[in-house]
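Structure first, then comments.
The values are calculated or read from the model by the stated rules, or taken from the named source; none is laboratory data. If you're wondering where the values come from, they're calculated on a predicted model, not measured in any experiment. Glycine gets a Cβ as well: all are built from the backbone with ideal geometry, and neighbour counts include every protein chain shown. Side chains included, ligands, DNA and RNA excluded: accessible areas come from the protein's heavy atoms. Shrake-Rupley method; radii C 1.70, N 1.55, O 1.52, S 1.80 Å.
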Amino acid sequence: MSHVFPFSAIVGQSSMKLAMILTAIDPSIGGVLVFGDRGTGKSTAVRALAALLPHIRQVKGCPVNSEHPQDCPDWAEIDNPKIVECPTPVIDLPLGATEDRVVGALDIERALTRGEKAFEPGLLAKANRGYLYIDEVNLLEDHIVDLLLDVAQSGENVVEREGLSIRHSARFVLVGSGNPEEGELRPQLLDRFGLSVEVKSPGDISERVTIIHRRDAFEKDPINFLHTWVDEEKQTRTKILKAREFNTKVSKNILHDCAKLCIALGSDGLRGELTLLRSARALAAYRGNSRVSRKHLRDVAPIALSHRLRRDPLDESGSSARVMRTVESVLN
C-alpha cells in the first residue's frame with residue numbers, strides 16, 4: 001500500500017493550499033491552475049487533499065462512480081448494485097493520452113471475443129465526482145484541450161463513434177500544473193480554471209530545512225509520520241465538511257464590490273464575478289463566518305482574478321500585485 005504525504009504537513013504554499021481547500025468545499029468554483037517551479041509540491045498537494053477528504057459513497061463496480069443505482073449508465077450492466085465507500089478519485093491525464101483514452105471507446109477485446117459492441121470508459125468517467133490532474137497542462141495537445149473545454153462546460157461526456165452513442169456524467173475538479181517557461185496556456189482553457197496560483201521555491205533557509213526534514217521523516221517511516229499529523233488532518237477535514245453545509249449569506253453590497261472589482265480590472269465576461277463570489281463564500285464558510293465580508297474578497301481576489309487580467313505592456317508588476325492594488329483602491 002502506498003502512503004500519501006499529509007496535506008497539513010505541507011510547508012508554506014498557503015495560496016495553493018487555500019485554493020485546493022476552496023474547491024473541495026465548492027467544486028463549482030471551477031478547479032485550480034498551479035504554475036511555478038518544479039519540485040514545489042504541486043502534485044503532492046493534489047493527492048494529499050484527495051486523501052484528506054472523506055470517502056465517497058458509490059455503487060460498487062460503477063465505472064462513473066455513481067452515488068445511486070439509478071444514476072448508473074445502462075451500458076455499465078450492473079446487477080444487484082451495492083453501495084460502498086471509496087476514496088475520492090484522483091485521475092492523472094498524461095500528456096500523450098489519446099482521445100480514446102480520455103473519452104472512452106469501443107471495447108476491442110469484447111468485440112473480438114464475443115462479437116458485441118460495448119463501451120470501454122475513459123479517464124473522464126473515472127474522474128467523475130473526483131479530481132482530474134494534468135501535469136504540464138500548458139503542453140497539452142489542442143484537440144484534447146477542446147475535449148476538456150466541452151466536458152467542463154456541460155458536465156457530461158458524449159461519445160458517438162464506431163456505432164456507439166454513449167453519454168455519462170463527467171463532473172470533476174480540474175487541477176492543472178506547469179512551468180510557464182515551457183509555454184503559455186491557451187486562453188480558452190485558462191479561463192475555465194476558477195483559481196490560479198503561482199508557486200515559487202522557498203527562499204528562506206529555515207523553511208527549506210523544515211521541508212527537507214518532513215519529507216525525509218515521511219520517506220523513512222510513513223506510518224509514524226502520518227500518525228503524527230492525524231489530528232491536524234482530522235481538524236481540516238471536519239472544517240471542510242462543515243463548510244459544505246454552512247449557510248453563508250451574501251449582501252448586495254458584496255455583489256456590488258465583486259462587479260466593481262472586475263470592471264476595474266478589465267475582466268472579460270462574468271465568470272470573474274461568479275468565481276470571486278463563490279470563493280469568498282467558501283472561505284467565509286471555512287472560517288465559520290455567517291456573512292461574506294470585504295476581508296474575504298481581499299483574501300481570495302488574487303487567486304480568483306489574477307489569470308483573468310488583460311496584459312498591460314506598461315505594467316511590469318506581477319498579475320497578483322496588480323489585483324491587490326486594484327482591490328485596495330476599489331474597496332477602500
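So which residues in the stretch 80-90 are within 15 Å of Cys62 (Cβ to Cβ) and in a strand (DSSP E or B)?
Ile83, Val84, Glu85, Cys86
Return yes when Ala243 is modelled with pLDDT under 90, aliphatic (A, V, I, L, M) and either open to solvent by less than 60 Å² (accessible area, probe 1.4 Å) or over 22 Å from the mean Cα position of the chain (by Cα) (or both) and no when it is not.
Values: modelled with pLDDT under 90: no; aliphatic (A, V, I, L, M): yes; either open to solvent by less than 60 Å² (accessible area, probe 1.4 Å) or over 22 Å from the mean Cα position of the chain (by Cα) (or both): yes.
The answer is no for Ala243.
List pairs: first residue in the stretch 203-231 and under 16 Å from Ser8 (Cα atoms), second residue of a type in the set (Ser, Thr, Tyr) anywhere in the structure, Cβ distance under 6 angstrom, at least six positions apart or on different chains.
So the pair list comes out as Trp229/Ser8.
How many of the residues making up the stretch 58-85 are under 17 Å from Arg171 (Cα atoms) and surrounded by 13 or more Cβ atoms within 10 Å (Cβ to Cβ)?
The qualifying residues number 11.
Answer yes if at least one residue in the stretch 141-154 is within 30 Å of Ile21 (Cβ to Cβ), small (Gly, Ala, Ser), surrounded by fewer than 19 Cβ atoms within 10 Å (Cβ to Cβ) and modelled with pLDDT under 85, and no otherwise.
So far as the stretch 141-154 goes, yes, one or more of its residues are within 30 Å of Ile21 (Cβ to Cβ), small (Gly, Ala, Ser), surrounded by fewer than 19 Cβ atoms within 10 Å (Cβ to Cβ) and modelled with pLDDT under 85.
Output the number of residues of the stretch 14-67 satisfying the condition of being among the polar types (S, T, N, Q) and part of a loop (DSSP other than H, G, I, E, B).
Of all residues in the stretch 14-67, those among the polar types (S, T, N, Q) come to 14-15, 23, 28, 40, 43-44, 58, 65-66.
Imposing the further condition that a residue be part of a loop (DSSP other than H, G, I, E, B) reduces the set to 40, 65-66.
Qualifying residue count, the stretch 14-67: 3.
Can you say whether Ser279 is in contact (Cβ under 8 Å) with a residue 24 or more places away in the chain, part of a helix (DSSP H, G or I) and over 23 Å from the mean Cα position of the chain (by Cα), as far as the supplied structure shows? Even if it seems obvious, please write down each step before you answer.
Numbers: in contact (Cβ under 8 Å) with a residue 24 or more places away in the chain: yes; part of a helix (DSSP H, G or I): yes; over 23 Å from the mean Cα position of the chain (by Cα): no.
Judged against the criteria, Ser279 is not a match.
Scan the stretch 225-240 for residues that are closer than 16 Å to Lys17 by Cβ, open to solvent by less than 90 Å² (accessible area, probe 1.4 Å), part of a helix (DSSP H, G or I) and not acidic (Asp, Glu) and jot them down.
The answer is Thr236, Arg237, Lys239, Ile240.
State yes or no: is Val175 open to solvent by less than 70 Å² (accessible area, probe 1.4 Å), at pLDDT below 85, in contact with a helix residue (DSSP H, G or I) (Cβ under 7 Å, 6 or more places away or on another chain) and farther than 17 Å from Gln58 by Cβ? Before you say what the answer is, go through the steps one by one.
Values: open to solvent by less than 70 Å² (accessible area, probe 1.4 Å): yes; at pLDDT below 85: no; in contact with a helix residue (DSSP H, G or I) (Cβ under 7 Å, 6 or more places away or on another chain): yes; farther than 17 Å from Gln58 by Cβ: yes.
So Val175 does not fit the description; no.
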